[in-house]
Structures are given as structure tokens and as C-alpha cells.
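Undergrad: Have a look at the structure that comes next, please.
The values are calculated or read from the model by the stated rules, or taken from the named source; none is laboratory data. These numbers were taken from a predicted model, which means no experiment stands behind them. All Cβ positions, glycine included, derive from the backbone under ideal geometry; neighbour counts span all protein chains shown.
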Amino acid sequence: MGKNASARHISEVGNYGDGREYYASKYVMEHAPPNDSDAVLKALEEFDVRWTMLHLGKEKGELLDKALKEFILERRRMKQQAVSCVTSSTTCGKKPNHPIRALEIGTYIGYSAIRIGRILATEADYGSTLVSVEQNYDNAEYAKTHVEYAGLNKTVKVLHSRVEKYVDDETTSNNEVEVGIDENENKNENSLFPLYNYNRRPYDFVFIDHRKPFYLRHLKLLESRGFIDATITTVVADNIASLEHVKNREESIARGKRKGPCKCVNNACDYLDYVGRRWSSTEIFYGNGTKDGISVSKP
Ligand SMILES: C[S@@+](CC[C@H](N)C(=O)[O-])C[C@H]1O[C@@H](n2cnc3c(N)ncnc32)[C@H](O)[C@@H]1O
């Protein structure tokens, strides 16, 4: 698998082009036993100390875990409420009666997909799944290898595709086969990953972690095609508004130089402004050692 250097910028290509993903993968195979997702994550974290990688990392990973676990608990609570309202005469709210369907944009080599997958596999309803979309072929191949090695291939599906293409493919396809670059792979599989078109339901939980300047554009695209619904989908996004950036803005407002909240593209403030208006609640969480935050938008 590829160690080919690229002349394009890292944020565009999605990996360093110097082979570090190859060595990270090798490190995982040598230091983690198979079918042990915790050990795979630990190996990726250890390697990250030696050689900087693009993963979310442990601290923000734990913030992502927390958001997902809270989401699972909230669904359980809503389900119980729905059961008790059948037996009483109270007004019933929304009843989530299907396994969780999660989507990740930006798999890289699978770190956050494994974090999400291990929680879905152990703490969510049986059959809960994550589809994770990655534009870079080499990254997607490493991610598939790591997901399988971690024993999560029944829960996590990595697709080599740009998210824009994934949305188009799924919207225009028929209901028979799973589409995308992995088309042949899935044709005869009794897949746990039904097509979006199969049931025309928005994803329940979405993690956005690809390129900040495109967060808002792609969120709107997913909304326009029904993949995301502000009344249903919990959306988590990484690399949101660094503390320094937020502080500078507050100081500018205090000095009268700026009026309202920031809407810049490069810190995903435009995204933040939008979800802040459309979702019921949006909070940003920062770790002690992290420059920027993770936003959690709840319906
Ligand atoms: C920061 S990394 C993701 C890290 C990963 N979520 C983790 O924590 O392990 C960003 C990834 O997004 C991918 N990416 C960028 N634009 C994309 C797009 N339009 N569709 C799908 N993937 C994209 C890049 O190739 C890169 O691998």
C-alpha cells in the first residue's frame, strides 16, 4: 500500500505522503492482538507520540465517546418512555425503534471509526452500524484493515469515496445493491449496511472530521438529501473554533471592533453559527491539551 509522496497539500490529500500511515499500520499489527479494539486504539495512540498523525487522539476521542454514549442513553430513555406511554394514556413522543445508523465523514486510517464502532458494538442495540467515508484510497485501505483487525467489520463499513459522491451515489441508486467504490464487494453480501434509499431515513448520529472549510457546505448537502435532519440527527464535529480564536473574537467585540459572532470558514465558525441556529442545542467541548474543540449538536 502507498508510500507515494504527493505534491498537493496534506489537507487536500488527507495524508502526509511520506509513508507514516504505512508505518502506523505496521505498528498496529506488531503491537496489538487481533480482535482487540482497545489495543488497536492504544497502538495508534502510541505511534502518534513518535510520528504526528491526523487522528482525533485520545483526549478528543474520549469527548466523542461521551457524546455517543449520552446519545445511546437518551435513545434508551426515549424508548422506555414510549413503552410506558403505550401502557398509560400519556402523550407519546418520538420512538427510536431501529438500531443506530451512524455516519462518519473522514475516516483517515480508522481511529475514530474504531472508537465509534466499539461503542456501537457493545453498548447500542444489536445491528447498530457506522458507515465511514474516506476520499483517499490508501487511507481507506488502511482503515478497512484496522477495522477488520479490531474485529469490528460487522459494525463498521469503510467506503472509499468523497462524501459528495457518496451522497450522489446513494440518492440515485436503486434499492438492490450497495453502491460506491465498494460495489462489487457487497453485491452478494447479506449486508448489515442497507442503502440509505432502502428506508429513506436520516442518519441518527453523524461525526464530521474531514476539512473544516467544507463542513457547512457538506452538512447542507447531507440535509438537502435527507441524510441529516436537524430534528433527528445528533451531529458531532471536530476541530471547531480554537480557544484562541474564540478569545480574540470576544476581545474584538468588547473593543467594539466586531459586532456579532464569527462566521469564518477556516475555523468552521460558519458551521457553528448555522448549527447553533438550526439544532436545539450546540455545545463545544475542549480538552486540556487540545487547541480546538468538538461541537455536539443535539436535535
Ligand atoms: C483529520 S482526518 C480524519 C481523522 C479520523 N476521523 C480519525 O480521527 O481517525 C481527515 C480525513 O478526511 C478525508 N477527507 C477530506 N475530504 C473528504 C471528503 N470530501 N470526503 C471524504 N473524506 C474526506 C481526508 O482524506 C482525511 O483522511
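Undergrad: Taking region 141-172 only, how many residues are near the ligand (Cβ under 9 Å from one of its atoms) and in contact (Cβ under 8 Å) with a residue 40 or more places away in the chain?
TA: Residues in region 141-172 being near the ligand (Cβ under 9 Å from one of its atoms) and in contact (Cβ under 8 Å) with a residue 40 or more places away in the chain: 2 in total.
Undergrad: Another question about this same structure. From the set of residues in region 263-273 that are in contact with a Lys or Arg (Cβ under 8 Å, 6 or more places away or on another chain) and not small (Gly, Ala, Ser), which is nearest to Val206 (Cα to Cα)? Step through it out loud before you land on a result.
TA: Narrowing region 263-273 to residues in contact with a Lys or Arg (Cβ under 8 Å, 6 or more places away or on another chain): 265-271, 273.
Pick out the ones that are also not small (Gly, Ala, Ser) and you get 265-267, 269-271, 273.
On the way: Val265: 20, Asn266: 21, Asn267: 19, Cys269: 18, Asp270: 18, Tyr271: 14, Asp273: 18 Å.
Filtering first and then ranking leaves Tyr271.
Yes or no, residue by residue, for (1) surrounded by fewer than 23 Cβ atoms within 10 Å (Cβ to Cβ); (2) closer than 22 Å to His210 by Cα; (3) in contact with a helix residue (DSSP H, G or I) (Cβ under 9 Å, 6 or more places away or on another chain):
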site: Val49; (1), (2), (3): yes, yes, no
site: Lys79; (1), (2), (3): yes, no, no
site: Ala102; (1), (2), (3): no, yes, yes
site: Ile109; (1), (2), (3): no, yes, yes
site: Leu120; (1), (2), (3): no, yes, yes
site: Asp125; (1), (2), (3): yes, no, yes
site: Ser132; (1), (2), (3): no, yes, yes
site: Ala143; (1), (2), (3): no, yes, yes
site: His146; (1), (2), (3): no, yes, yes
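Undergrad: Go through region 23-32 and report how many residues are surrounded by 16 or more Cβ atoms within 10 Å (Cβ to Cβ) and without any contact (Cβ under 8 Å) to a residue 40 or more places away in the chain.
TA: From region 23-32, those surrounded by 16 or more Cβ atoms within 10 Å (Cβ to Cβ) are 24-25, 27-28, 32; that's our starting set.
Retained after the next criterion (residues that are without any contact (Cβ under 8 Å) to a residue 40 or more places away in the chain): 27.
Qualifying residue count for the region: 1.
Undergrad: Please go through region 180-224 and pick out each residue that is over 28 Å from Met78 (Cα atoms), in contact with a Phe, Trp or Tyr (Cβ under 7 Å, 6 or more places away or on another chain) and either modelled with pLDDT under 95 or assigned to a loop (DSSP other than H, G, I, E, B) (or both).
TA: Once the filter is applied, which keeps residues that are over 28 Å from Met78 (Cα atoms), in contact with a Phe, Trp or Tyr (Cβ under 7 Å, 6 or more places away or on another chain) and either modelled with pLDDT under 95 or assigned to a loop (DSSP other than H, G, I, E, B) (or both), region 180-224 yields only Gly180.
Undergrad: Is it true that Ile294 is within 25 Å of Pro99 (Cα to Cα), part of a strand (DSSP E or B) and among the β-branched types (Val, Ile, Thr)?
TA: Numbers: within 25 Å of Pro99 (Cα to Cα): yes; part of a strand (DSSP E or B): yes; among the β-branched types (Val, Ile, Thr): yes.
When the stated conditions are applied, Ile294 passes them.
Undergrad: State which residue is nearest to the chain's Cα centre (by Cα) when the search covers only region 110-124 and only residues that are more than 9 Å from the ligand (Cβ to nearest atom) and within 25 Å of Glu223 (Cα to Cα).
TA: Step one: list which residues in region 110-124 are more than 9 Å from the ligand (Cβ to nearest atom), which gives 116-124.
Going one step further and asking which of them are within 25 Å of Glu223 (Cα to Cα), we end up with 116-117, 120, 124.
On the way: Ile116: 8, Gly117: 11, Leu120: 13, Ala124: 16 Å.
By that ranking, first place goes to Ile116.
Undergrad: Just to be sure I understand, how many residues within region 1-27 are charged (D, E, K, R), modelled with pLDDT of 85 or more and more than 19 Å from Ala150 (Cα to Cα)?
TA: We begin by selecting, within region 1-27, every residue charged (D, E, K, R); these are 3, 8, 12, 18, 20-21, 26.
When the remaining residues are screened for being modelled with pLDDT of 85 or more, the result is 12, 18, 20-21, 26.
Retained after the next criterion (residues that are more than 19 Å from Ala150 (Cα to Cα)): 12, 18, 20.
So the answer is 3.
Undergrad: Could you tell me whether Lys259 is more than 19 Å from the chain's Cα centre (by Cα) and either assigned to a loop (DSSP other than H, G, I, E, B) or surrounded by fewer than 18 Cβ atoms within 10 Å (Cβ to Cβ) (or both)?
TA: On the way: more than 19 Å from the chain's Cα centre (by Cα): yes; either assigned to a loop (DSSP other than H, G, I, E, B) or surrounded by fewer than 18 Cβ atoms within 10 Å (Cβ to Cβ) (or both): yes.
Yes: the conditions hold for Lys259.
Undergrad: Something else about it: Would you point out the residue of region 225-243, among those that are in a loop (DSSP other than H, G, I, E, B) and at positive phi, that is nearest to the ligand (Cβ to nearest atom)? Even if it seems obvious, please write down each step before you answer.
TA: Just the residues of region 225-243 that are in a loop (DSSP other than H, G, I, E, B), to begin with: 225-233, 241-242.
Pick out the ones that are also at positive phi and you get 226, 241.
Details: Gly226: 19, Ala241: 16 Å.
Looking at the filtered set, the residue picked out is Ala241.
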